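Novice: The structure's right below; bear with me while I get my questions together.
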Amino acid sequence: SVVIDTRLLNHVELDSSGRTVSVGGGAALGEVYFEVGKKDLAIPAGSCPPVGASGHTLGGGYGLFSRPFGLACDSLISAETVDANGNVLSCSETENPDLFWALRGGGGGSFGVVTNYKFRTQAVKQATVFGLTWVLPPKRAAAALKGWLQWIQSAPEQITSICRVTTDSVGNVTVHPAGISVGAESQLRTELAKISGEKPQKMNLAAKTFLGAVTYFAGGPKQPWSTNEKGNTFYSYEQVFMKGKSDYLYQPMSEDGMLALFEGQRRHPDITTIFDGYGGKIGTVQPEATAFAHRKALASVQYVSQFNAAVAASRLSSLKEFHDGLRAYFSGHAYVNYPDLDLGERYGEAYWGENFARLKKIKAAFDPENIFRHAQSVPSG
């Protein structure tokens, strides 16, 4: 097998108007953010600056500006792709539209090497970051989580929110909604009061620039920094082993499901559950309009564990047991940007739902010999 490393294709160039940005296929999100952020501009994408802009976008690309501006792939105007025959293809709504459709959520490594992206930018001079924390026994924690899930379905699209849930070994549950608003702070305060009738133990709001918001959710000023050869500064994280599994919530979650989640975390306190609130601009795009199929979901859910090599086998086993124990309460779908080999042969339907059939047809047209392949790539037949 051969892995093609695109990291030297890391240019980030704003056009003269600032309305679009050209991004090399190997650029990291942090490199993009720091270039556009200098002009009080943004693209909606993920919260971890070292993540590759390419893979993130090809998988859809959820982030903390997604409800006002859509997924990363929704800001994509065009993509330059090298196909299996070495041809350089321009992909957009008018050129190779089928391949362009597939590149917006169809995952990486299946159709070719994307060497350049052109994104639409958004003006963001100021945003308000927020966080609320409840530490409660399970029944009251379930009420707080239910309140957040109901709230995020109807919250104004200016607000994006995630909710992090952890449980300690004696059963205390921490429910921590956080997020970003591009609307007025007064609106945000009014909205946050709707989440729960129980006052949070902690609450913080802070006005930030776009780059300030990136810094805040990337880990804050204590996180170590790196500078690339162009002088752009972005976060550099300690490398650790990590496994993420995912699911999607299409129906309101039952109290039984929440209590099962908390109990599973009590038995496996190393696992963090993160609900990513959908709706807003994400849901205004029809599921068949791009390869990213989960437009009507209420939220995605991530189960995350970090560990060292000595305990890797036991942690992976625990995470699988935890995920399997909650299957009855979720849809069984999954987010392709959390690739999960435990899905087995059903990965195509889990990642792409009814869009999987069209993806296979496009794969057969552009790469019939299956040159671009990996363990969970789109098959050509």
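The values are calculated or read from the model by the stated rules, or taken from the named source; none is laboratory data. This one's a predicted model, so the numbers in the text were calculated from it and none came from an experiment. FYI the Cβ positions are ideal-geometry reconstructions off the backbone, even for glycines, and counts take in every protein chain you see. With ligands, DNA and RNA removed, areas are computed over all heavy atoms of the protein, side chains included. Shrake-Rupley method; radii C 1.70, N 1.55, O 1.52, S 1.80 Å.
Novice: What is the P(r) of the chain, as percent of Cα-Cα pairs per 20 Å bin from 0?
Specialist: 28, 60, 12, 0
Novice: Then there is this: How far, in degrees from 0 to 90, does helix 356-366 lean away from the longest principal axis of the Cα atoms of the chain, to the nearest 10?
Specialist: It is inclined by approximately 20 degrees.
Novice: Which residue fluctuates the most in the chain, going by a Gaussian network model with Cα springs under 10 Å, if the choices are 96, 337, 116?
Specialist: 96
Novice: In straight Cα distance, which lysines are under 17 Å from residue 194, not counting same-chain residues fewer than 8 positions off?
Specialist: Within the straight-line limit of under 17 Å, residue 194 reaches these lysines: 146, 202.
Novice: Now for a separate question. Projected onto the charge dipole of segment 294-381 (+1 at Lys/Arg Cβ, -1 at Asp/Glu Cβ, origin at the Cα centre), which of 309, 322, 370 gives the Cα projection farthest towards the positive end?
Specialist: 370
Novice: Looking at 298, 63, 193, which one has the Cα that reaches farthest to the positive end of the dipole of the chain (charges on Cβ: Lys, Arg +1; Asp, Glu -1)?
Specialist: Toward the positive end, the furthest listed residue is 193.
Novice: Under a point-charge model restricted to the Cβ atoms of Lys and Arg (+1) and Asp and Glu (-1), what is the dipole moment magnitude of segment 268-381 relative to its Cα centre, in debye to the nearest 20?
Specialist: On the way: 12 positive and 12 negative charges, 65 e Å.
In total the dipole reaches around 320 debye.
Novice: Rounded to the nearest percent, how much of the accessible area of the chain (1.4 Å probe, protein heavy atoms only) is carbon and sulfur?
Specialist: Working: 8570 of 16750 Å².
Within the chain, the accessible surface is 51 percent carbon and sulfur.
Novice: For segment 173-214, what ratio Rg/Rh do Cα atoms give with a Kirkwood hydrodynamic radius? Please list the in-between numbers first.
Specialist: Working: Rg = 11.6 Å, Rh = 11.8 Å.
Rg/Rh for segment 173-214 comes to 0.98.
Novice: Counting other C-beta atoms within 10 Å, and keeping those with at most 16, which DSSP coil trypsin sites (Lys or Arg not before Pro) do you find in segment 90-150?
Specialist: 125
Novice: Ignoring the sites themselves, what is the longest stretch of the chain with no GluC sites (Glu not before Pro) in a DSSP loop and at most 14 other beta-carbon atoms within 10 Å? Write out the running numbers ahead of the final one.
Specialist: Working: sites that count: 93, 95, 198, 229, 238, 288, 369.
After excluding every exposed loop site, the longest remaining stretch is 96-197.
Novice: In addition: For the chain, which longest stretch is free of loop sites, where a loop site is one of the chymotrypsin sites (Phe, Trp or Tyr not before Pro) that DSSP puts outside H, G, I, E and B and that has at most 16 other Cβ atoms within 10 Å?
Specialist: Formally, the longest exposed-site-free interval is 1-236.
Novice: Per DSSP H run of at least 4 residues, take -39500 (n - 2.57); add these up for the chain, divide by its residues and hand me the 222 nm value, nearest 500 deg cm²/dmol.
Specialist: Values: 11 runs with 104 residues, N = 381.
Estimated from H runs of four or more residues: -8000 deg cm²/dmol.
Novice: Treating the beta-carbon of each Lys and Arg as +1 and of each Asp and Glu as -1, no other charges, what is the dipole magnitude of the chain about its Cα centre, to the nearest 20 debye?
Specialist: So the magnitude is around 940 debye.
Novice: Run down the lysines and flag those whose C-alpha is under 26 Å from the C-alpha of residue 39, throwing out any fewer than 8 positions away in its chain.
Specialist: 118, 125, 208, 222, 230, 281
Novice: Residues of the chain: accessible area per residue at 1.4 Å, in Å²?
Specialist: With the other protein chains kept in place, the chain gives 44 Å² per residue.
Novice: Work out how much length residue 306 to residue 87 would gain on full extension: take 0.36 nm times their residue separation and subtract the Cα-Cα distance, in nm to one decimal.
Specialist: Length difference between fully extended and current span is 74.8 nm.
Novice: Under a point spin-label approximation (7 Å from Cα along Cα-to-Cβ), what is the residue 321-residue 193 distance to one decimal in nm?
Specialist: With each label point 7 Å from Cα toward Cβ, the separation is 4.6 nm.
Novice: Does segment 258-381 classify as rounded, prolate or oblate by the C-alpha gyration tensor (a ≥ b ≥ c root eigenvalues; a/c under 1.5 gives rounded; else a/b over b/c gives prolate, otherwise oblate)?
Specialist: Working: a/c = 2.67, a/b = 1.45, b/c = 1.84.
Since a/c reaches 1.5 but b/c is at least a/b, the shape of segment 258-381 is classed as oblate.
Novice: So how strong a dipole does segment 18-82 carry about its Cα centre when Lys and Arg Cβ are +1 and Asp and Glu Cβ are -1, to the nearest 20 debye? Don't skip to the end; give the middle numbers.
Specialist: Values: 4 positive and 5 negative charges, 32 e Å.
Roughly 160 debye for segment 18-82.
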